[in-house]
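The values are calculated or read from the model by the stated rules, or taken from the named source; none is laboratory data. Nothing here was measured: the structure is a model prediction, and the numbers come from that model. Here Cβ is always computed from backbone atoms with ideal geometry, including for glycine, and neighbour counts include all displayed protein chains.
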Amino acid sequence: MRLILEIWRQDRPGADGRYETHEVVDATPEMSLLELLDRLNHQLVENNTDPVAFESDCREGICGTCGVDVNGVPHGPRDNVPACGQHVRDFKDGQTVRFEPFRSKAFPVLRDLIVDRTGLDRIIQAGGTIAVDAGTAPDAETVQVTHDDAERALDFAACIGCGACVSACPNGAAYLFTGSKLAHLALIPHGKQERAKRARAMVDQMEHEFGPCSQIGECALACPAEIPLSAIAVVNRERIRAGFKKGKAN
Amino acid sequence: MSSQFEERSGIDQIPVAKRPATTPPPRPQTWLLKLIMALTGSVLVAFLLFHLAGNLKVYLPDDPRLHFNEYAHWLRGLLNPLVPGETFLWVFRGTLVLCLVLHLYSGLTIKIRAWRARGGRGRAVNVTKHHLVGRTMIWSGGIILAFIIFHLLDLTLGRGVASSKFSSAASYDLPDGTAVTDAYSNLVHSFERPSVAAFYVLVMMVVAFHINHGIWSIINDFGGTAKRTRNVFLFLAAVAALIIVIGNASIPLAVQLGVITL
Amino acid sequence: MTTDPAATDPTVQADQTVPVDDAAPPAPSTDPAYAVTRGTASDNSPADPPTGLLEELRVVGQPIDGHVPTVHPRDAWTDRKLHYNLVNPSNRAKFKIIVVGTGLSGAGAAAALGELGYDVEVFSFHDVPRRAHSIAAQGGINAPRARKVDNDSIDRFVKDTVKGGDYRGREQDAYRLGEEGIRVIDHMQAIGASFAREYGGQLATRSFGGVQVSRTYYTRGQTGQQLELAAAQALARQVAAGTCKLHSRQEMLDLIVKDGRAQGIVVRDLITGKVRARTAHAVILCTGGYGNIYYKATLAKNSNATAIWRAYKRGAFFANPCFVQIHPTALPLMSQWQSKKTLMSESLRNDGRIWAPRQRDDDRDPADIPEDERYYFLEERYPAFGNLVPRDVASRNIRERIDAGYGVGPLKNAVYLDFKTGIERLGVKLIRERYSNLFHMYEELTGEDPYTRPMRIAPSVHFTMGGLWTDYDMMTSIPGLFVGGEAGWAYHGANRLGANSLLSGCVDGWFTLPYTVPNYLAGLLGKAPLDPADSAVAQTIADVEAGLDRLLQNNGSHGPDHFHEKLGAIMDRYASVSRDPEGLAKAIGLIRQLRQEFWRDVKVVGTGDRLNQELETAGRVADYLELAELLCVDALDRDESAGAHFRTDHEIDGEAKRNDEDWCFCSAWQYPGPAGKHIRNFETLTFRAVPLQQRNYK
């Protein structure tokens, strides 16, 4: 297959970017989109030009390292699939495919398709944690968790932190990300101790760097971990709940 | 061999990852604005449904003109004699205006924050993948605001865009002999103009989309996460939107088709 | 470092003595019973290892002391903890500790030491800690909590671990692993890992990896993810508290050794390209395994051996590099551009039948190959176990078929895993219930429907038991340099049990290093970390910059990936599921040749002053090219079969034949300098709790 790749090139953080057009003539349907970029890079290196910088790691959809906008959609044309699982077979021979870095003010471009997503980690640092020091935990069997709660917590805990929700959102919001962590920790016994404090801290930090939510719903369609859209409601639920709790109450 | 590395000083100045902010985020906080939008939006939707109930009197089989005008008169004097004259009407209007202003302020603030957070300088404009309605609330809201002004000029104040036959004089006698404004005639006169009728119909569709997404947003803004509750709201949002569009948009159509006449 | 490759390459002088050919595979036997007959015969046949070559390559060094407590292994950890020195809480902030890597062990060690009050500096080449490859582990985490009445115990866990590792790991280490594993579950669940629960609200367990008791805790198929996220969150808490300073996108490129102690590291800022140093009282490497030396493994693309290899070159011993675990059922490479292999659960072999065409280079569609032209080689060769033979046996046999030219698929590198019989016997519905997620994954990746077309599978490297040698206190042969997780060699011996790797990462990070590192630090009270202006720091930085310059200015014609691919082919061919002395000797020659070719012909486009992924790859490949040789030398040296190290000249009926008399030790390789012979030190292993016994799955 022949594909025309229109790729965002940007040398350094803060520099002006531009689109560059390349052609891959021997793409195959079973290639993933990242492998398509690998193929292109091989071609570029053989021709002594700078390869396209892009991030990836596990290529199994769990590490959350990969992330590019493909024709304006995070990760690629299929809903709820990470870029490593999106394939060339979803494109037509001769089609133009546009690769861009994830899009958000909070994700400054570092180079080409690589962005800085540490803003998400700062939300976790602010309060997405449980204050139990090593060795001080009680026996896990003494804390009962119902099967359903454990499964529900896992639905939210599955977030891979790729940032697709932010890039998909026309508002640049990180509600799905923040909500998934708030929901996860609110469902497990040790996480309940700091619930109100956590909600205040995480929501504050989220609002520092990310946009507001307008319930548009693009995030849940882009999310490779299939975090349910109700995660965005969890943000307000937890924050409103915290508003009724004074001081350090949980 | 020339080194690629010029800088040898400050060898241990390794960047440290930025930590969470220690200052509060911009006020009022987004979650609060969203809550305000949800509350004021609920009031406005409730008003719309209430307004519709009144409008539907034009379909009453016997003498809709009487019922409609009676209703309009009743509204003006509501809660008499507990409160004098049109006190209630003005409190009612005041509340609506306040809700509208707060709704508008929150919506605009959120939208400005959204634009700022989006990023992507120099990038191609993305094609919408899904959910056109959700991302155009600001535009549908703007159209509705313009419509509210139009509607007030047209049927309340009788200025500018109103039909030439508009009259605010107490020209209609109720059975008890009270002379009241002939609101019904004003309505029919206005809707007899095809362009105005078409405009009303179109705007009602915009309103329907706006409140459909709005009601769905209410459950999110209030933090409703239970699956059933969310489904109920999804259903309510669709039903309310349908009721508004069918109920309201049918009136100008009915006038045009001659179903409703003087 | 000079620029002449011949002058710096330790191996060039010896090159003439190594047989070198063009890597053409030897003509394989066409006899289907080849493997079996060869298996029984070869052990008696006069082994013809190029012993002379071995003498050319390595010298036997010193016995080394693992500092293992002398009490009964069961009491070793309690005894040792009692004898550790402590650091007063008010003094802890005076000690600076560097942790490299943020996987389960790195994030755990950093967070735990931060919680205790030490001044911790965390380095990672990722953007955020959570990306570390621990996140991709699927199956589960073992812990001998023995809550059920299936007769589990710490002793049984140790027995399973030691026997599974074919007696090439310390039993004292295994005891610590089991003992602390109990607390690991409590702790990890408290800090956010949502383990699966039974309907009664209790933790759910399953049995895993051929173990007969149910001691594996899990969270769906994403146990590694949940544990890694919990650990990364615990680290985030310390980062927010200021006890841990996080340096992300910094790749460790060297270790600073001064006065015989590890006193800091040199890192390259992956964004700006700046090379800088940080000094500290102690350094902990938690940088993972080196499986990517095989080019396309199931490991993440960025996993690499650079940190441990550079530490090796600064004097840390490298233990058992040849112990590499190979998983039988991974998705093979389907095309030239497939970036890596993906693990498919072993459970597929329960209902799938493995076969290859009887005819070589059979290009027919599998549906067109009649039943009598299909060779169900596992069933025929191992009638008792059939398709359920142990992992290494399956891997070896599949590999043998592929190497012999019976491979299928576009690249002729796979065999079929066929569910036709299973579906006929059990019905589509039951098969779907059991494997739908795996079938779905296969279809997603290949676009083929495994219900109607047999799956194609092939063995793939996915874990390395070898790593930097550490004593019982997790300290390497360089005082002050500690290791955690897969980067080290502890626990797993010659073969790792399923679900023990997550456990070892957690135990090292949370419950071992926080005891052993302070013991070391206590002796340094009052000493400041090495002055950054010290000449050792400047020299190490200069070495790193020279290395980078050399890569950047090497105007060759191929990118580093080109050489990595070639290296992978050599390793797959000669140092994979089964090894023989001739092949290893050939591999060593080929690796040396490739290394020369690399330094002659590698090209790194771009500059060093900004993000340059080609430069990152080039440095990693350069290290692989050296490590690969050590791996092969170790495999050639270890004149026995043990666990994953299967030597065709040491087998009984296709089973590994261990030699406890001569080889019951850990090989700890020492860097000989740029031109010397590899030095093999050894730590003798003794077994008191689990007496030596030949492994036998039959």
Evaluate the stretch C:164-183: report whether one residue or more is among the β-branched types (Val, Ile, Thr) and crowded, with 24+ Cβ neighbours inside 10 Å.
no
Take the conditions of a type in the set (A, V, I, L, M, F, W, C), in contact with a helix residue (DSSP H, G or I) (Cβ under 6 Å, 6 or more places away or on another chain) and free of Cβ contacts under 8 Å to residues at least 40 places away in the same chain and apply them to C:Val71. Does it pass?
yes
Within the stretch A:203-224, is there a residue that is more than 9 Å from chain B (Cβ to nearest Cβ) and surrounded by fewer than 24 Cβ atoms within 10 Å (Cβ to Cβ)?
yes
Residues in the stretch A:1-9: is at least one within 24 Å of C:Lys603 (Cβ to Cβ) and within 8 Å of chain C (Cβ to nearest Cβ)?
no
In the stretch B:221-241, is there at least one residue being away from chain A (no Cβ under 14 Å) and under 30 Å from B:Val161 (Cα atoms)?
yes
Looking at the stretch C:497-509 only, could you name the residues that are at pLDDT 95 or above and more than 16 Å from C:Ala487 (Cβ to Cβ)?
none
Pick out, from the stretch A:3-101, the strands (runs of 3 or more DSSP E) lying fully within it that include 2 or more residues that are surrounded by fewer than 18 Cβ atoms within 10 Å (Cβ to Cβ).
A:3-9, A:18-24
Taking C:Thr540 as the residue in question, decide whether it is within 30 Å of C:Tyr167 (Cα to Cα), outside any loop (DSSP other than H, G, I, E, B) and touching a residue at least 40 places away in the same chain (Cβ under 8 Å).
no
Report every pair of residues separated by at least 6 positions or lying on different chains whose Cβ atoms are under 6 Å apart, first residue within the stretch C:122-137 and more than 18 Å from C:Ala240 (Cβ to Cβ) and modelled with pLDDT under 95, second charged (D, E, K, R) and in a loop (DSSP other than H, G, I, E, B).
C:Ala136/A:Glu60
Taking the stretch C:101-131 as the region of interest, how many residues are within 13 Å of chain A (Cβ to nearest Cβ), under 17 Å from the mean Cα position of the chain (by Cα) and farther than 16 Å from C:Leu503 by Cβ?
1
So C:Ile354, is it in contact (Cβ under 8 Å) with a residue 12 or more places away in the chain, in the same structural domain as C:Gly422 (by TED's automatic domain parsing), buried (at least 22 other Cβ atoms within 10 Å of the Cβ) and out of contact with any Pro (no Cβ under 7 Å at 6 or more places or on another chain)
yes
Please go through the stretch C:455-499 and give me each residue that is closer than 30 Å to C:Lys420 by Cβ and among the aliphatic types (A, V, I, L, M), ordered by number.
C:Met455, C:Ile457, C:Ala458, C:Val461
Report the residue count in the stretch A:1-32 for those that are within 24 Å of the chain's Cα centre (by Cα), modelled with pLDDT of 95 or more and within 24 Å of C:Gly447 (Cβ to Cβ).
1
Residues of the stretch C:661-685 that turn out to be farther than 18 Å from C:His492 by Cβ, in contact (Cβ under 8 Å) with a residue 12 or more places away in the chain and not in a strand (DSSP E or B), as a count
8
Identify, by number, the condition in (1) of a type in the set (Val, Ile, Thr); (2) surrounded by fewer than 19 Cβ atoms within 10 Å (Cβ to Cβ); (3) within 30 Å of A:Gly217 (Cα to Cα) that B:Ile219 doesn't meet.
(2)
Any idea which of C:Leu255, C:Leu299 is within 14 Å of chain A (Cβ to nearest Cβ) and either within 30 Å of C:Arg197 (Cα to Cα) or not in a loop (DSSP other than H, G, I, E, B) (or both)?
C:Leu299
Taking the residues in the stretch C:57-90 that are among the basic types (Lys, Arg) and assigned to a helix (DSSP H, G or I) as candidates, determine which candidate is surrounded by the most Cβ atoms within 10 Å (Cβ to Cβ).
C:Arg80
Residue among C:Leu348, C:Leu378, C:Leu388 that is in contact with a helix residue (DSSP H, G or I) (Cβ under 7 Å, 6 or more places away or on another chain), without any contact (Cβ under 8 Å) to a residue 40 or more places away in the chain and crowded, with 21+ Cβ neighbours inside 10 Å
C:Leu378
Criterion first (more than 20 Å from the chain's Cα centre (by Cα) and on the phi < 0 side of the Ramachandran plot) does A:Val70 satisfy it?
no
If we scan the stretch C:315-337, do we find a residue that is polar (S, T, N, Q), in contact (Cβ under 8 Å) with a residue 24 or more places away in the chain, over 26 Å from C:Glu640 (Cα atoms) and assigned to a helix (DSSP H, G or I)?
no
Where in the stretch B:62-181 are the helices (runs of 4 or more DSSP H), entirely inside, with at least 3 residues that are farther than 29 Å from A:Pro170 by Cβ?
B:64-76, B:87-118
Looking at A:Asp112, is it in contact with a strand residue (DSSP E or B) (Cβ under 6 Å, 6 or more places away or on another chain), on the phi > 0 side of the Ramachandran plot and either crowded, with 24+ Cβ neighbours inside 10 Å or among the hydroxyl-bearing types (Ser, Thr, Tyr) (or both)?
yes
Name the pairs: first residue in the stretch A:141-162 and closer than 25 Å to C:Arg131 by Cβ and more than 7 Å from chain C (Cβ to nearest Cβ), second residue among the charged types (D, E, K, R) and outside any helix (DSSP H, G or I), Cβ to Cβ under 7 Å, at least 6 apart or on different chains?
none
Assuming A:Gly135 fulfils every condition listed in (1) crowded, with 24+ Cβ neighbours inside 10 Å; (2) small (Gly, Ala, Ser); (3) outside any helix (DSSP H, G or I) apart from one, which condition is it?
(1)
Taking into account only those residues within the stretch B:106-126 that are over 27 Å from A:Arg9 (Cβ atoms) and free of Cβ contacts under 8 Å to residues at least 40 places away in the same chain, which is farthest from the other protein chains (Cβ to nearest Cβ)?
B:Leu108
Tell me, please, whether a residue that is buried (at least 22 other Cβ atoms within 10 Å of the Cβ), among the small types (Gly, Ala, Ser) and in a loop (DSSP other than H, G, I, E, B) can be found in the stretch A:115-126.
no
Regarding C:Ile97, is this residue part of a strand (DSSP E or B), surrounded by 24 or more Cβ atoms within 10 Å (Cβ to Cβ) and touching a Leu at 6+ places or on another chain (Cβ under 9 Å)?
yes
